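A.B. asks: My structure is below; once you've seen it, I'll send some questions.
The values are calculated or read from the model by the stated rules, or taken from the named source; none is laboratory data. None of the values given here were measured: they were computed from a predicted structure. All Cβ positions, glycine included, derive from the backbone under ideal geometry; neighbour counts span all protein chains shown. Side chains are part of the model used for accessible areas, which takes the heavy atoms of the whole protein and leaves out ligands, DNA and RNA. Shrake-Rupley method; radii C 1.70, N 1.55, O 1.52, S 1.80 Å.
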Amino acid sequence: MTSMPVEQRIGSYLKRAEQALVGAKNAAVKPAAVTVPQYAALLWLSEKPGISAASLARLCGVTPPTMNTVLKNLAERGLIERTPHELHRNVLETRLTDEGRSVMELADAGAVVVERALAAEFSGEERELLIGLLGRCAGVLDALR
């Protein structure tokens with residue numbers, strides 16, 4: 001007997017939803033030949049060109065070593081370029097190439113289908129509530145680290 005019944009463990013429901021989302025997005029971005037972490041990096045780079053790898057890792061929810069691997073793979077494919085920062089030579093700025101932007105747009109078209117299907121299952125009020133509740137979950141869990 002456990003000290004907390006499994007069906008009361010919110011974490012298992014969050015994990016199940018995350019796995020379902022990642023599975024759906026993996027299938028959605030497959031035509032662009034990228035993984036979900038690669039897509040996330042390309043998407044954020046389209047919004048924040050020049051961002052550092054450390055900042056990008058935080059936005060994408062991965063560790064810095066994982067982001068370095070993602071960026072290495074994207075650079076090898078010619079989807080991003082990394083150049084030294086003007087003032088801080090040990091910081092590399094990362095930007096999409098034209099090919100990277102095309103791949104991001106193809107992947108994003110698939111990912112948006114997933115996001116819209118998910119959003120359509122909830123009313124506007126439910127979406128706002130869900131976003132707020134998930135934010136609270138993240139806050140509680142971040143405080144426990």
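A.B. asks: Looking at (1) open to solvent by 50 Å² or more (accessible area, probe 1.4 Å); (2) over 18 Å from Asp108 (Cβ atoms), which is the one condition that is false for Ala54?
C.D. replies: Ala54 satisfies every listed condition except (1).
A.B. asks: Next question. Among the candidates Val103, Val34, Val70, Val114, which residue alone is within 19 Å of Leu21 (Cα to Cα), open to solvent by less than 40 Å² (accessible area, probe 1.4 Å) and assigned to a helix (DSSP H, G or I)? Let's see the steps before the verdict.
C.D. replies: Values: Val103 fails: within 19 Å of Leu21 (Cα to Cα); Val34 fails: assigned to a helix (DSSP H, G or I); Val70 fails: within 19 Å of Leu21 (Cα to Cα).
Answer to the selection: Val114.
A.B. asks: Being of a type in the set (Val, Ile, Thr), within 29 Å of Val140 (Cα to Cα) and in contact with a helix residue (DSSP H, G or I) (Cβ under 7 Å, 6 or more places away or on another chain), is that true of even one residue in segment 70-79? Full working, then the answer.
C.D. replies: As a first pass, look at segment 70-79 and keep what is of a type in the set (Val, Ile, Thr): 70.
Subsequent filtering for residues that are within 29 Å of Val140 (Cα to Cα) retains 70.
Filter again for in contact with a helix residue (DSSP H, G or I) (Cβ under 7 Å, 6 or more places away or on another chain), leaving 70.
Taking every residue of segment 70-79 in turn, at least one turns out to be of a type in the set (Val, Ile, Thr), within 29 Å of Val140 (Cα to Cα) and in contact with a helix residue (DSSP H, G or I) (Cβ under 7 Å, 6 or more places away or on another chain).
A.B. asks: Would you check which residues across segment 18-31 are basic (Lys, Arg) and open to solvent by 40 Å² or more (accessible area, probe 1.4 Å) and list them?
C.D. replies: Our first condition is that a residue be basic (Lys, Arg); within segment 18-31, this holds for 25, 30.
Once the filter is applied, which keeps residues that are basic (Lys, Arg) and open to solvent by 40 Å² or more (accessible area, probe 1.4 Å), segment 18-31 yields only Lys30.
A.B. asks: Please go through segment 86-100 and pick out each residue that is open to solvent by less than 90 Å² (accessible area, probe 1.4 Å) and either farther than 22 Å from Leu42 by Cα or modelled with pLDDT of 95 or more (or both).
C.D. replies: Result: Leu96, Thr97, Gly100.
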